[in-house]
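The values are calculated or read from the model by the stated rules, or taken from the named source; none is laboratory data. Please read all numbers here as calculations on a predicted model, not as lab measurements. FYI the Cβ positions are ideal-geometry reconstructions off the backbone, even for glycines, and counts take in every protein chain you see. To get the accessible areas, we keep the full protein, side chains included, count just its heavy atoms, and leave off ligands, DNA and RNA. Shrake-Rupley method; radii C 1.70, N 1.55, O 1.52, S 1.80 Å.
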Amino acid sequence: MEQTMNITEARSRLTRLPEELGATDTVKITRKNEPVLAVLSWDFYESLVETLEILGDEETMGALKKGVAAVREGRTVELEDLERELES
């Protein structure tokens, strides 16, 4: 959920926002009705940064696309078979 508040309201509520925000909630802070800041939980921020890092890594994205294609083509193995193979 996204909330919007002006910068004056945000300043007065800043110390309560961590308890008020859900895991993926954001607060759009405005000045003169224009967005100037976003407030979000630290966990949500970290997950966004990690996602951006993954999306920006060509090697990782190539491996992900290859894996998705393999699943779509039915080229999968049972977990038990994989575990046995790794133990060998």
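Restricting attention to the stretch 20-61, the residues that are among the charged types (D, E, K, R), closer than 23 Å to N6 by Cβ and not in a helix (DSSP H, G or I) total 5.
Out of curiosity, is R31 open to solvent by 50 Å² or more (accessible area, probe 1.4 Å) and modelled with pLDDT of 95 or more? Yes; evaluated as a whole, the condition is true for this residue.
Contact map, the stretch 62-88: residues that are outside any helix (DSSP H, G or I) paired with residues that are open to solvent by 70 Å² or more (accessible area, probe 1.4 Å), Cβ distance under 9 Å, separation 6+ or inter-chain. Pairs shown: V77/E85. Considering only the stretch 5-23, I want to know if a residue exists there that is hydrophobic (A, V, I, L, M, F, W, C) and out of contact with any strand residue (DSSP E or B) (no Cβ under 9 Å at 6 or more places or on another chain). Yes, some residue in the stretch 5-23 is hydrophobic (A, V, I, L, M, F, W, C) and out of contact with any strand residue (DSSP E or B) (no Cβ under 9 Å at 6 or more places or on another chain).
Listed here are the residues, each with its yes/no results for (1) open to solvent by less than 80 Å² (accessible area, probe 1.4 Å); (2) at pLDDT 95 or above.
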position: T4; (1), (2): no, yes
position: S12; (1), (2): yes, yes
position: L21; (1), (2): yes, no
position: D25; (1), (2): yes, no
position: P35; (1), (2): no, yes
